[in-house]
Amino acid sequence: MVTLPKLNDLGFFEIRLESIGGLGANLAGKMLAEAGVVGVGLNGVSFSSYGSEKKGSAVKAHIRFCDMDTRIRDTSPVERPHVVGVFHESLSKTVNVISGIYEDSTVLVNSTKTPDELKEKMKLRGGTIAVIDAIGISLEEKNRVNMAMLGALFRLCDFLDPDVMRGVIRKSLEKKYPLAVAPALRTFDRGYNEVKFQTYALPEGETMPDFVRFDTPVLGYETQSIGGVITNPGNSILKDLSISRAGMMPHFHEDKCIHCASCDNVCPDFCFVWDELPDKKGRPQMFLQGIDYQYCKGCLKCVQACPTEALTNEREEDGYADLNRMPHRFNLAVNS
Ligand code: SF4
Ligand code: SF4
């Protein structure tokens, strides 16, 4: 039997996966737990938490390992992870993905940035930062992001046996989808081999802040307004769907656009921004100005609908959406 590298007070080594629906974190959590329990003889448990079951909503997967003599009587979410796997870099905009980490925890992020850049961006003070370009690998290998993330997680959790995982992948795919076995194995192996990591000591004299279980909830028992009145109702103008994009986004090429509105007809989220301008004969016509990326969830229906290749399917580069966003007028009014 293997020995776990670190344990908390209850005798558990804990992993938390932070993701959005559609990237396969739930399945990755189950496979990780199976590899620990069936593969190397640990005791373990895995479960997920998510809201509405749809592509793009926030998902957390929780995995707990312990030795065979420790009883698992704790099925609460993992609050203090030894390893965090962040399946979508932009999640850190809206979710505190590093909540509860220890000074020697490992944070794995699906990103094209360097560990130094991520340390700065996520305001991490110490611990190990690991980076894998899981989206890039999955696009090249035509496979799932979760396979590349799993490969990287196996490298970071070196008490797990990657050969066990290769066997699980083979067994689960070869009967129904034999052609999918080789790409899945390649994606897993590339995740395992290509993950980069860097360990940072806490600056001298600094300590990690004490873990706080709950921030004061905005609408909690003691903080809600009289009568339970909701003063900030859901608002489709303020919503931000950018974290729902799973790595790909439409780019708009104005020079090729014939302003036919086919894109607007299929877009489920009102992303296209139009303006009334005079045409060549001076008659008023609607002209497409661009995309308000705040509302774009990356479904790419518009790219398929465009007859002139004025919309192309591109890998999302950090900062592109902010730089090239064409805000709706009502949005400018709300934000001004
Ligand atoms: S479908 Fe293509 S050509 Fe038509 S308005 Fe949209 S971007 Fe322009
Ligand atoms: S990808 Fe295109 S169709 Fe889908 S939400 Fe974004 S702009 Fe709309």
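According to a simple spin-label model (label point 7 Å from Cα along Cα-to-Cβ), what is the distance in nm between Asp104 and Leu139?
Those two pseudo-labels are separated by 3.8 nm.
Just the Cα atoms of segment 124-192: what Rg and Dmax do they give in Å?
12.9, 47
Identify which of Asn110, Asn43, Asn265 has the largest mean-square fluctuation in a Gaussian network model of the chain, with springs joining Cα atoms closer than 10 Å.
Asn265
Under 1.5 on a/c is rounded, so check that first for segment 168-236, then, if it is not, pick prolate when a/b is larger than b/c and oblate when it is not; a ≥ b ≥ c are the square roots of the alpha carbon gyration tensor eigenvalues. Show your work: numbers first, answer last.
Details: a/c = 4.09, a/b = 1.59, b/c = 2.57.
Note, shape of segment 168-236 comes out oblate.
For Glu254 and Arg315, what does the FRET efficiency come to when R0 = 22 Å and r is the distance between their Cβ atoms, rounded to the nearest 0.05?
Values: r = 20 Å, r/R0 = 0.93.
Taking R0 as 22 Å, the efficiency between Glu254 and Arg315 is 0.60.
Give the carbon-plus-sulfur fraction of the accessible surface of segment 1-70 in %, rounded to a whole number; probe 1.4 Å, heavy atoms of protein chains only.
Details: 1640 of 3090 Å².
Roughly 53 percent of what the probe reaches on segment 1-70 is carbon or sulfur.
Is it possible to state the helix-based mean residue ellipticity at 222 nm for the chain, with each DSSP H run of 4+ residues giving -39500 (n - 2.57), the sum divided by total residues, to the nearest 500 deg cm²/dmol? What is it? Spell out each step's value before the answer.
Details: 10 runs with 85 residues, N = 336.
That calculation yields -7000 deg cm²/dmol at 222 nm.
Using heavy-atom solvent-accessible surface (probe 1.4 Å) with all chains present, what is the largest-first order of Cys260, Cys66? Provide the component values of the computation, followed by the final result.
Working: Cys260 65, Cys66 0 Å².
Largest accessible area first, the list is Cys260, Cys66.
Taking the Cα centre as origin and putting +1 on Lys and Arg beta-carbons and -1 on Asp and Glu beta-carbons, what dipole magnitude results for the chain, to the nearest 20 debye? If you can, show how the numbers build up before the last one.
Values: 39 positive and 44 negative charges, 213 e Å.
Its charge dipole is roughly 1020 debye.
As an exercise, find the ratio Rg/Rh for the chain from alpha-carbon atoms, using the Kirkwood inverse-distance average for Rh.
Working: Rg = 22.9 Å, Rh = 22.3 Å.
Ratio of gyration radius to Kirkwood radius: 1.03.
For Val2, what charge total do you get from the other residues with a beta carbon under 12 Å from its beta carbon, if Lys and Arg give +1 and Asp and Glu give -1?
Working: positive: none; negative: Asp67, Asp158, Asp161.
My count for the surroundings of Val2 gives -3.
Please report, for the Cα atoms of segment 107-247, the Rg to one decimal and the Dmax as a whole number; what are they, in angstrom?
That works out to 20.8, 60 Å for Rg and Dmax.
Accessible area per residue, 1.4 Å probe, Å², for segment 1-116: what's the number?
Numbers: 5080 Å² over 116 residues.
Spelled out: the 1.4 Å probe surface of segment 1-116, per residue, equals 44 Å².
So, with +1 on the Cβ of K and R and -1 on the Cβ of D and E, and no other charges, what is the size of the charge dipole of segment 102-168 about its Cα centre, to the nearest 20 debye?
On the way: 9 positive and 11 negative charges, 51 e Å.
Taking the Cα centre of segment 102-168 as origin, the dipole is about 240 debye.
Give me the angle, in degrees from 0 to 90, between the Cα long axis of helix 25-34 and the longest principal axis of the Cα atoms of the chain, rounded to the nearest 10.
Helix 25-34 sits roughly 10 degrees off the main axis of the chain.
Please pull out the direction-averaged projected area of segment 1-118, using the convex hull of its alpha-carbon atoms, in nm² to one decimal place. Don't skip to the end; give the middle numbers.
On the way: hull surface 31.1 nm².
If you wrap the Cα atoms of segment 1-118 in a convex hull and average its projections, you get 7.8 nm².
Given that compact globular proteins tend to follow 2.2 N^0.38 Å, what is the ratio of the alpha-carbon Rg of segment 27-88 to that value?
On the way: Rg = 12.6 Å, N = 62, 2.2 N^0.38 = 10.6 Å.
My calculation over the Cα atoms of segment 27-88 gives 1.19.
Could you grab the relative contact order for the chain? Cα pairs under 8 Å, six or more apart, rounded to a whole percent.
Numbers: 596 pairs, mean separation 44.9, N = 336.
This gives 13 percent for the chain.
Excluding Thr308 itself, what net charge comes from residues whose Cβ is under 12 Å from its Cβ, given Lys and Arg +1 and Asp and Glu -1? Display every interim value, and only then the final one.
On the way: positive: Lys256; negative: Glu254, Asp255, Glu309.
So the environment of Thr308 carries a net charge of -2.
Of all DSSP beta bridges located in the chain, what percent are antiparallel, nearest 5?
Values: 33 of 46 bridges.
Just about 70 percent of them are antiparallel.
Once you keep just the Cα pairs under 8 angstrom separated by 6 or more residues, what percentage relative contact order results for segment 80-208? Each step should come with its number before you reach the end.
Details: 212 pairs, mean separation 35.2, N = 129.
The normalised contact order for segment 80-208 reaches 27 percent.
Using a 1.4 Å probe over the heavy atoms of the protein chains, calculate the carbon and sulfur portion of the accessible area of segment 76-137 as a whole percent.
Details: 1080 of 2230 Å².
The computed percentage sits at 48.
For the modelled label position 7 Å from the Cα of Asp210 along Cα-to-Cβ, which residues of segment 73-110 have backbone nitrogen atoms closer than 18 Å?
80, 100-103, by backbone N distance to the label point.
Which stretch or stretches of segment 71-92 have amide N atoms under 16 Å from the point lying 7 Å from Asn193's Cα along the Cα→Cβ direction?
Backbone N within reach: none found.
Can you list residues from other chains, or at least 5 along the same chain, whose modelled amide H is less than 5 Å from the amide H of Glu314?
Those lying under 5 Å, H to H, from Glu314 are Met249, His251.
Per the Cauchy relation, a quarter of the hull surface: what is the mean projected area of the convex hull of the alpha carbons in segment 185-336, in nm²? Could you put the intermediate results ahead of the total?
Values: hull surface 69.0 nm².
For segment 185-336, averaging the hull's shadow over all directions gives 17.2 nm².
Of all accessible surface on segment 240-336 at a 1.4 Å probe, what whole percent is carbon and sulfur?
Numbers: 2840 of 5580 Å².
Of the solvent-accessible surface of segment 240-336, carbon and sulfur hold 51 percent.
With a probe of 1.4 Å, find how much accessible area segment 214-294 has per residue, and write the answer as a whole number in Å². Provide the component values of the computation, followed by the final result.
On the way: 5420 Å² over 81 residues.
Spelled out: the 1.4 Å probe surface of segment 214-294, per residue, equals 67 Å².
Between 0 and 90 degrees, rounded to the nearest ten: what's the tilt of helix 162-173 against the longest Cα principal axis of the chain?
50 degrees
The values are calculated or read from the model by the stated rules, or taken from the named source; none is laboratory data. Please read all numbers here as calculations on a predicted model, not as lab measurements. Cβ: placed from backbone, ideal geometry, glycine included. Neighbour counts: every protein chain shown. Note: accessible area is taken over every heavy atom of the protein model, side chains too, but ligands, DNA and RNA are not part of it. Shrake-Rupley method; radii C 1.70, N 1.55, O 1.52, S 1.80 Å.
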